[in-house]
């Protein structure tokens, strides 16, 4: 429900400012409040026209940081924005491909990351255009998944191939981000590290659904087709299963994700598709984003990247000692740590939001005053008309109204 708390504030001007604030040149993660406003804006205008009108003025082809943040925000809009976001964005598909090739010439830094992210977004757009039954957030019931194949084994076969392609692009971005970070240092608590890791939350959400659906589709295919025919599918699944299992495990150990998302763990061994009863043993991975969680905007951030990560036992021991002395750090923030290290609330943003709410309230009062004045004018006109009629009657009958 919090997502819609500022619905009355989403005016074109406020939306435009939020897009520009979300997509900037600073090497910090996109602020959730700006991304949320961008999502709300698409629902308010039932499309992405304003978003693209702002983005088209940004030098995405010459600034890798702008392009990276654009990819992150656009990914969020494709997942959680209005369904028309996809339709309004298709005209820019070729431009995204051109940018992907252009940034691909850079072998390191954000250029390579942008190239792979743009390819993922292009693949995502193509998949959902070809398979409109799949919503942007990929959440479907088993019945809806069956309906997507229209009870045709050929459709299920092709759908599985397309899901493999989709998941492969997600895993490529996942792996490339991890490869670009020095994992021997606590990069997940630095602004630079969080800037690269933040989009992986959307990737984790996508991967959990795609993995779940490929498992179910492969069991369905094995019930209809010979095992030899599906050897290529099983090989490809095994490769992706191994990568995803490793990436989920590594992500769950990063401090940045621990308060923002609960990452599921895949089973120790992959499903045995040659045994039909193994489907009952499959547990759909569920990604949980805690409702009562601090926004990434208020996370304490360390600018130094020369701190070594503590292992789980060391971290637990440290937390327990800290809590024994100062009290639980999860229930309160008595020393106001969350406002240190340069991460302060943007007073200007709060002022703008408050002014928009006041304007909205004043507009309502003005409308009420207009209605009241309008009704009074009608009453006065009615009295004037009655007086005029009485005057005419008096003129005809020779008497004057008192």
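The values are calculated or read from the model by the stated rules, or taken from the named source; none is laboratory data. Computed from a prediction, not measured in an experiment: that's the story for all the values here. For neighbour counting, all protein chains shown are included, and Cβ atoms are generated from backbone atoms with ideal geometry for every residue, glycine included.
Values computed for the structure shown
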{"read-out": "Those residues of region 125-139 which are without any contact (Cβ under 8 Å) to a residue 60 or more places away in the chain and either surrounded by fewer than 17 Cβ atoms within 10 Å (Cβ to Cβ) or assigned to a helix (DSSP H, G or I) (or both), in sequence order", "value": "125, 126, 127, 128, 129, 130, 131, 132, 133, 135"}
{"read-out": "Selection count where residues are in contact with a helix residue (DSSP H, G or I) (Cβ under 9 Å, 6 or more places away or on another chain), over 17 Å from residue 161 (Cβ atoms) and either surrounded by 14 or more Cβ atoms within 10 Å (Cβ to Cβ) or not assigned by TED's automatic domain parsing to the domain that holds residue 153 (or both), scope region 219-245", "value": "2"}
{"read-out": "Some residue of region 85-104 being part of a loop (DSSP other than H, G, I, E, B) and surrounded by 17 or more Cβ atoms within 10 Å (Cβ to Cβ)", "value": "no"}
{"read-out": "Close pairs (6 angstrom Cβ cut-off, 6 or more residues apart or separate chains): within 15 Å of residue 186 (Cβ to Cβ) in region 244-259, surrounded by 15 or more Cβ atoms within 10 Å (Cβ to Cβ) and modelled with pLDDT under 90 anywhere", "value": "254/188; 255/188; 255/189; 256/188"}
{"read-out": "Residues of region 246-260 classified as touching a helix residue (DSSP H, G or I) at 6+ places or on another chain (Cβ under 6 Å) and part of a helix (DSSP H, G or I), total", "value": "5"}
{"read-out": "Any chance residue 58 is within 17 Å of the chain's Cα centre (by Cα), within 26 Å of residue 191 (Cα to Cα) and modelled with pLDDT of 95 or more", "value": "no"}
{"read-out": "Residue list for region 20-39, restricted to those being without any contact (Cβ under 8 Å) to a residue 40 or more places away in the chain and surrounded by 23 or more Cβ atoms within 10 Å (Cβ to Cβ)", "value": "37"}
{"read-out": "In region 146-175, the residues that are touching a helix residue (DSSP H, G or I) at 6+ places or on another chain (Cβ under 6 Å) and either at pLDDT below 95 or not assigned by TED's automatic domain parsing to the domain that holds residue 225 (or both)", "value": "149"}
